[in-house]
Amino acid sequence: MRPESLNPLFVETESLEGVGPKIRKPLEKLGLTRVRDVIYHFPDRFVQRRAVTDLDEAGVGEQIVVSLTVVEHRASAGRGPFRALATDAKGNVCSLTWFGRASYSARRQLPIGAKRWIAGKLEQYGQMLQIVHPEHVSDDGDAAFGKLIEPVYPLAEGLTQPKVGSLVSQALERTPEMPEWIEPGLMAREKWPVWREALHLAHRNDHPAARDRLAYDELLANSLALMLVRSDNRRRRGRPLRGNGRFRDKLNLPFPLTDAQTRSIGEIAGDLEQDCPMLRLLQGDVGSGKTVVALEAMLIAVEAGAQAAMLAPTEILARQHYETLYRMAGPTGVNVALLTGRDKGRNRESILMGLLDGSIDIIVGTHAIFQESVAYKDLGLVVIDEQHRFGVGQRLMLTQKGRVTPHTLAMTATPIPRTLTLAQYGEMEVSRLDELPPGRQAIDTRVISAERMAEVVDGIARQIDGGSQAYWVCPMVRDSETEDIAAAEARYLAMKERFGDAVVLVHGQLKPDLKDAAMERFARGDAKLLVATTVIEVGVDVPNATLMVIEQAERFGLAQLHQLRGRVGRGTKKSVCILLRGDAVSETGRERLALMRETQDGFVLAEEDLRLRGGGELLGTRQSGDSPFRIADLEQIQRLLPIAHDDARLLVERDRGLASERGQAARLLLYLFERDWGVQLLRGG
Ligand code: ADP
Ligand code: MG
């Protein structure tokens, strides 16, 4: 249970004054659903104003604070602006201008003859100086000088700076003092403020130490939770699985394994022999051959008399895996089955029975294979494909299935830089497939201006005439998914005019059976062109597809582009990936796209992407799925995460139950960052 001292932070934003139904939506859009989110909603930047004694001192375009005397009201007829003309100490005239409804209250605040402190941006309007919608109007000089530095918050439509500012102040008022969870030596060395002070500072002005401290909190919470998983796992009893080769010897693979595959299988086999359950990540670029490695691991489990389960994030992937595994392992006499959410009735019953009586050796499926009603005779190994689609919390749930904790092999194709690997999988051992099977052709990648789209469509036509297939990816970038889908639908209709029934459309809101039907038509080769939003499943394998077009490629993360590109180049034919770019692409944007042309190595791309995006820019968690963080930016992650990781490891080594004073504080930290499952692991110890 979350400690009471944190409760004020976890109440809904609506409990703050001034939050009505009208602004609930925009707040939600910014992710500000609870008070806690509001305190961590940091300004993008700060406006710096200068106090001037008269307007001669100020330049046009400058943010100033100045004292003025109101001399005249000018209301225009109808919907025109309201102007209060005011003079400074030297008699210079300036118009304070309001449009729309705001003019009513402005008029009241500025009676003729009144002397007021005004904060805002000085502009020139015709012959006259003016300040449009002054940020502050006050008869109190001290209050005005308090506004010399002001935060500028990220907004959503329907919100204003003063509104968000007021919510933040209220939220900060509710923020309790916290005991310190950061190691004292580090605090002293970095001269970091304590938590509550750091929050106040971070909202008040540009304060790198405060922002670092708060970012570090997030990184530490994450590392700590992962370390707790690791330490909990070490104390669990697992079941050593040692194969005797009787099934693996009968495997008739059409190719020799790569060295990287052989090495990884060896590492996994070594883990499986231990008492302590395996926690291993198999990281390998698209097409590096993770499935075979998983199969070998599962066969070891089966040889040792246990069952193995393979979890895929989607129905389509589960089916594809099932078919691959069935084809490869079926001849060895191992019984492979498929279970998804769509299996109902008798079919489902019989699969459940098979899992319970042990006649099914390997089950492949979606999360349906871990529902409560599913019981295993003896589950020894869980393989999780495309691990990045699942959180650590989910991962933990999966391993509660066996009588003893099953071994876990997680697999991911998301090429992420080493620092981020630490962040996301810090509790696991890592095997890397850093080598592609031989004979793969490089995918010819071209960057083309969207103006030349017609030529690109002609290229698709040639491709189809030649018997190949193609993908067309529309971006998911606008604020609303509905709009994105509308754009994809429009593209689909346009393609349909040209290519008729050979085109299918797949997007996130399509009913699962329609989506599967479309995917299947494409996979069978009946459909030649697949138009899709980014939902094209990672891992889907259609070797005959040799052309991929990605619209507005500059909007994607490099890792994501790389994964999309990996859908082609799977067969023997030469493949092409066309990155269509808009005309307003930044310098960095161009550089990033150029990189896609130059390298096919996902890990290189990931590192370079990180370097190019540099510090300051937050990783959109949604954008490329490569950061679990909201507060720490890329630069902070790179600089502070290794420290947090080591610190977390030391803390857990010394105080496994988080019982010391600092340990207790660290528990608060875990709750604060909603790593509740991390704390729950402590119950046993
Ligand atoms: P991923 O790592 O993306 O899951 P897959 O396991 O789907 O990759 O493998 C991609 C393709 O490469 C498959 O068609 C698979 O049969 C093939 N493959 C895997 N290992 C090898 C190998 N050692 N030599 C040649 N082809 C291989
Ligand atoms: Mg795969």
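Across region 46-152, the mean sequence separation of Cα contacts (distance under 8 Å, 6 or more residues apart), normalised by length, yields a relative contact order of 31 percent. Remark: for residue pairs K250/K377; K290/K496; K115/K163, the C-alpha separation exceeds 29 Å in K290/K496. Length available on full extension from L514 to R107: 0.36 nm per residue minus the Cα-Cα distance, which gives 140.5 nm.
Quickly estimate the mean residue ellipticity at 222 nm for the chain, helices only: each DSSP H run with n ≥ 4 gives -39500 (n - 2.57), and the total goes over all residues, rounded to 500.
Taken over the chain, the calculation gives -12500 deg cm²/dmol.
How would S105, S575 line up by accessible area, probe 1.4 Å, largest first?
S105, S575
Of the residues G266, I351, L251, the one whose Cα sits farthest towards the positive end of the charge dipole of region 248-433 is I351 (charges of +1 on Lys and Arg Cβ, -1 on Asp and Glu Cβ, taken about the Cα centre).
Quick one: plug the Kirkwood hydrodynamic radius of region 272-346 (C-alpha pairs) into Stokes-Einstein at 20 °C, 1.002 mPa s, and report D in µm²/s. This corresponds to a translational diffusion coefficient of 154 µm²/s.
Heavy atoms of the protein chains alone define the surface here; on that basis the chain has 45 Å² accessible area per residue at 1.4 Å probe size. Per residue, the Cα convex hull of region 1-159 amounts to 147 Å³. Over all Cα atoms in the chain, the spread is summed up by Rg and Dmax: 29.9, 98 Å. Highest-first packing order for the peptide set 234-244, 321-331, 425-435 is 425-435, 321-331, 234-244, based on the mean count of other beta carbon atoms within 10 Å. Solvent-accessible area of V93, all protein chains in place: 70 Å² (probe radius 1.4 Å, heavy atoms, ligands and nucleic acids excluded). Per-residue SASA remark: F556, around 10 Å² accessible (1.4 Å probe; ligands, DNA and RNA not included).
Positive end of the dipole of the chain (Cβ unit charges, origin at the Cα centre): among M328, M453, W117, the Cα lying farthest that way belongs to M328. Taking the C-alpha atoms only, the angle from helix 634-654 to the longest principal axis of the chain is near 60 degrees. Rounded to the nearest 0.05, what FRET efficiency do R204 and E653 have when you use their Cβ-Cβ distance and R0 = 45 Å? Using R0 = 45 Å, I get an efficiency of 0.75. Stretching C276 away from T482 to a fully extended chain increases their span by 69.4 nm, per 0.36 nm per residue minus the current alpha-carbon distance. For the set L129, L529, the ranking by accessible area, highest first and with no ligand, DNA or RNA atoms included, is L129, L529 under a 1.4 Å probe.
Excluding same-chain neighbours fewer than eight residues apart, the aspartates and glutamates reachable from K574 by a Cα-Cα span under 13 Å are D444. Ligands, DNA and RNA aside, T160 has an accessible area near 70 Å² when probed at 1.4 Å. The magnitude of the dipole of the chain, with charges of +1 and -1 set on the Cβ of Lys/Arg and Asp/Glu and taken from the Cα centre, is near 980 debye. In degrees, nearest 10, range 0 to 90: what is the angle between the Cα axis of helix 587-598 and the longest Cα principal axis of the chain? Tilt relative to the chain: about 10 degrees. From Cα pairs below 8 angstrom and at least 6 apart in sequence, can you work out the relative contact order of region 444-599, rounded to a whole percent? After rounding, I find 33 percent. Remark: the A494-E455 segment gains 12.6 nm on full extension, using 0.36 nm per residue and subtracting the alpha carbon distance.
Let's test the formula: R0 of 45 Å, r as the Cβ-Cβ distance of E57 and A188. What FRET efficiency results, to the nearest 0.05? Plugging the Cβ-Cβ distance into 1/(1 + (r/R0)^6) gives 0.55. Share of the chain's accessible area from carbon and sulfur, percent, 1.4 Å? On the chain, the fraction of accessible area on carbon and sulfur atoms equals 48 percent. The C-alpha atoms of the chain define a longest principal axis, and helix 345-357 lies at about 70 degrees to it. List the trypsin sites (Lys or Arg not before Pro) within region 88-170 that DSSP assigns to loop and that have no more than 15 neighbouring Cβ atoms inside 10 Å. Passing both the DSSP loop test and the Cβ count: K90, R101.
Could you put S586, S103 in order of accessible surface area, largest first, with the 1.4 Å probe and the full protein assembly present?
Ranked list, largest accessible area first: S586, S103.
Of interest is the spacing of the C-alpha centroids, which for region 408-448 and region 326-344 amounts to 27 Å.
Tell me, what is the FRET efficiency for R235 and A269 to the nearest 0.05, using R0 = 30 angstrom and their Cβ-Cβ distance as r?
0.85
Size descriptors for region 444-599, from the alpha-carbon set: Rg then Dmax equal 14.5, 43 Å. Looking at the chain alone, DSSP beta bridges between its own residues are antiparallel in about 35 percent of cases.
The values are calculated or read from the model by the stated rules, or taken from the named source; none is laboratory data. Being a predicted model, the structure only gives us computed values, none of them experimental. Positions of Cβ are generated from backbone atoms using ideal geometry, with glycine treated the same way; all protein chains shown enter the neighbour counts. Keep in mind that these areas ignore ligands, DNA and RNA; they rest on the heavy atoms of the full protein, side chains included. Shrake-Rupley method; radii C 1.70, N 1.55, O 1.52, S 1.80 Å.
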